[in-house]
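Notes for the one structure printed next.
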Amino acid sequence: MQPYEERLTAPRSWWFIAVLVGVAMALILLPLGTIPMLGGLVGGAALASIAVSSYGSVRIRVVSGALVAGDARIPVTALGTPEVLDAEEARAWRTHKADTRAFMLLRGYVPTAVRVEITDPADPTPYVYLSTRSPERLAAALAGARA
């Protein structure tokens with residue numbers, strides 16, 4: 001079995017935006033004095049950084065015969081054949097082709113994805129959509145785990 005683990009980290013530009021949020025908070029609190037301004041700078045940047053870190057901390061793993069994607073743990077025996085989606089096809093599956101019952105681990109800053117049908121008849125979820133930077137590796141790991 002080919003091991004697989006990926007963290008969908010946020011882009012560097014988001015961290016710059018977190019710093020800008022701190023600067024904006026500092027400017028908002030500037031009329032109240034230097035100490036509130038510094039508190040706004042540190043507090044605003046810290047809160048924005050926590051939000052960026054939290055959003056970008058989601059992981060996708062294939063371990064012990066299961067696909068672990070965020071909070072979901074799906075046995076590979078309940079999964080069909082993985083379909084690698086290029087940027088255009090991934091955009092289609094997260095917009096007009098999307099099914100509201102699907103499990104989607106979606107990150108808009110990751111252009112490619114993998115789509116895997118759920119074969120368990122007791123599960124109402126039709127498929128799993130996973131944003132991933134290396135869809136071929138993830139598809140290979142899932143195929144290897146099923147074999």
- Query: Which of the residues that make up region 62-78 are out of contact with any strand residue (DSSP E or B) (no Cβ under 7 Å at 6 or more places or on another chain), β-branched (Val, Ile, Thr) and outside any helix (DSSP H, G or I)?
  - Reply: Val63
- Unique match (being surrounded by 19 or more Cβ atoms within 10 Å (Cβ to Cβ) and β-branched (Val, Ile, Thr)) among Thr100, Thr132: Thr132
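For Glu5, are the conditions met, namely being acidic (Asp, Glu), in contact with a helix residue (DSSP H, G or I) (Cβ under 8 Å, 6 or more places away or on another chain) and either free of Cβ contacts under 8 Å to residues at least 40 places away in the same chain or within 21 Å of Pro111 (Cα to Cα) (or both)? Working first, answer last.
Details: acidic (Asp, Glu): yes; in contact with a helix residue (DSSP H, G or I) (Cβ under 8 Å, 6 or more places away or on another chain): no; either free of Cβ contacts under 8 Å to residues at least 40 places away in the same chain or within 21 Å of Pro111 (Cα to Cα) (or both): yes.
No: the conditions fail for Glu5.
Just checking, which of Pro82, Pro111 is touching a residue at least 40 places away in the same chain (Cβ under 8 Å) and surrounded by 14 or more Cβ atoms within 10 Å (Cβ to Cβ)? Even if it seems obvious, please write down each step before you answer.
Numbers: Pro111 fails: touching a residue at least 40 places away in the same chain (Cβ under 8 Å).
Result of the check over Pro82, Pro111: Pro82.
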- Task: Name the one entry in Thr125, Thr81 that is in a strand (DSSP E or B) and more than 18 Å from the chain's Cα centre (by Cα).
- Result: Thr81
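Going through region 2-14 one residue at a time, which ones are outside any strand (DSSP E or B) and surrounded by fewer than 16 Cβ atoms within 10 Å (Cβ to Cβ)?
Matches in region 2-14: Gln2, Pro3, Pro11, Arg12, Ser13.
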- Query: For region 23-67, which residues satisfy the criterion of being modelled with pLDDT under 95, of a type in the set (A, V, I, L, M) and surrounded by fewer than 16 Cβ atoms within 10 Å (Cβ to Cβ)?
  - Reply: Val63
- Message: I'd like the residue in region 68-78 that is more than 14 Å from the chain's Cα centre (by Cα) and open to solvent by 70 Å² or more (accessible area, probe 1.4 Å) and, out of all such residues, is nearest to Arg107 (Cα to Cα).
- Response: Arg73
- Do we find that Ile118 is under 30 Å from Ala18 (Cβ atoms) and in contact (Cβ under 8 Å) with a residue 40 or more places away in the chain in this structure? no
- Item | Odd one out for Gly39, checked against (1) more than 16 Å from the chain's Cα centre (by Cα); (2) over 24 Å from Trp15 (Cβ atoms) | (2)
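The values are calculated or read from the model by the stated rules, or taken from the named source; none is laboratory data. This structure is a prediction, so every number in the text was calculated from the model and none was measured. Methodologically, a virtual Cβ is constructed for each residue, glycine included, from the backbone with ideal geometry; neighbour enumeration extends over all protein chains shown. What goes into the accessible areas is simple: the full protein's heavy atoms, side chains included, and nothing from ligands, DNA or RNA. Shrake-Rupley method; radii C 1.70, N 1.55, O 1.52, S 1.80 Å.
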